[in-house]
Structure formats: C-alpha cells, structure tokens
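Note sheet for the following structure.
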Amino acid sequence: MVSIKSLALCGAVIGVSGTALAEINLYAGAEVGYADIELEELKDSESYQGYLGFAYNNLVGLEVGYGSLGEYEAKVGGGRSSVEVDSVMQASIAFHGPLLVFEKARVHARYGYYEADLTPHIPNGRAQEKTSRDVTYALGVSYPIVKALSVSATWQFFNEVDNQKINTYSAGLRLDF
C-alpha cells in the first residue's frame, strides 16, 4: 500500500521538476463543516481541514491536506462510546475549471489517498488505536470575493474509514499567492 509520505514526496518531486515546464501557482485553504458517517447508530460530527496546493496551470494541481473527521458517539449497553477520527492526512491531484453558468465561479475536484488515525474511547473496553488508509475524492465550487481570496463549498468522500464511509460537507476560504 502506498503511504502518505510517499505520495507527498512524489508530489514534491513533480512540483520541483514542473517549474521548468510551467508556472506554478501556490494556494492554501481551510474548510470547516459537517461529517456524515454511514453507520446510523453513530452521531455525526464536525470536520475541518487545511490544505496547500501547487497549480501547474489553471486546470491541474497537486494538494496535500491535514484535518479531522470528528468524533462519533454511540450508546453501548449502559454507557457511551466514541471513536475519534483525527490526524487525517491526504495527498490528491486537483482539477479546477470555470463553471459555465457563472462567469467567475470555478468548479474543483480532487482524487487522492488519505491516512487517518482512529482513537476509540470505550468505557472498560480494550479497543486499540489504528490507522485507516484508502481513497478520497471531492467535488466543489468556489467564487472569488477579491482577486486572491475565494469562498468555497465542497463535498468530500472518504472510503473505508474503519469499514465505514464518511461524507463531509464544508465551506471554506482559499488564498492564492
């Protein structure tokens, strides 16, 4: 299985070698939102992430991100248990393009790989921390509010987080350097 560190290193090498081929634009963003877990017995949670991207042109780029998918609680027997999904690292290829309906709006899509730490909190339990790794993808729209600052709305899917699927719905800001 490919690790996040390998993908980040690969992205850095491509980024450095790509400077000879095209102008690289750096951008950073942050998003906060709602994480919806597939398992109905667990309460949904908040989520957040920050990301850094290198756009090779106006259409394609590489991104790395870090965030949290929140803490999910459930009643088990007479007590409450929860699982915290944090330290979510991801590396993705990103696609950006104009939204034809609105002149300034842009759509964005990501496809990549994530790694997340799961920390169970079970009263009198013996569950151990573990790490999940799998694919993630996203789709969203952004709109510039000033030249280098945009607002965004994004849906993102995380596959197989401890055998569960998680969808996030978030809003954020992106700064282009």
*asked:* Residue under question is Ser47, and the condition is that it be within 15 Å of Glu31 (Cβ to Cβ) and among the polar types (S, T, N, Q); does it hold?
replied: yes
*Of residues in the stretch 127-160 being assigned to a strand (DSSP E or B) and without any contact (Cβ under 8 Å) to a residue 12 or more places away in the chain, the one farthest from the chain's Cα centre (by Cα)*: Val146
*Within the stretch 161-177, track down each residue that is of a type outside the set (Val, Ile, Thr) and part of a strand (DSSP E or B).*
Gln164, Lys165, Asn167, Tyr169, Ser170, Ala171, Gly172, Leu173, Arg174, Leu175, Asp176
*Is it true that some residue in the stretch 89-100 is over 21 Å from the mean Cα position of the chain (by Cα), of a type in the set (Val, Ile, Thr) and in a strand (DSSP E or B)?*
no
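Test Val146 against the stated conditions and say whether it is surrounded by fewer than 13 Cβ atoms within 10 Å (Cβ to Cβ) and at pLDDT 90 or above.
yes
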*List every residue pair whose Cβ atoms sit under 6 Å apart, with the two residues 6 or more apart in sequence or on different chains, where the first one lies in the stretch 59-84 and is within 18 Å of Val135 (Cβ to Cβ) and the second, anywhere, is among the hydroxyl-bearing types (Ser, Thr, Tyr) and modelled with pLDDT of 85 or more.*
Glu63/Tyr51; Glu63/Ser92; Gly65/Tyr51; Gly67/Tyr48; Leu69/Ser47
*Determine if the stretch 73-87 includes at least one residue that is of a type in the set (Gly, Ala, Ser), surrounded by 14 or more Cβ atoms within 10 Å (Cβ to Cβ) and modelled with pLDDT of 85 or more.*
yes
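The values are calculated or read from the model by the stated rules, or taken from the named source; none is laboratory data. As the structure is a prediction and not an experimental result, all values here were calculated from the model. Positions of Cβ are backbone-derived with ideal geometry, glycine not excepted, and every protein chain shown enters the neighbour counts.
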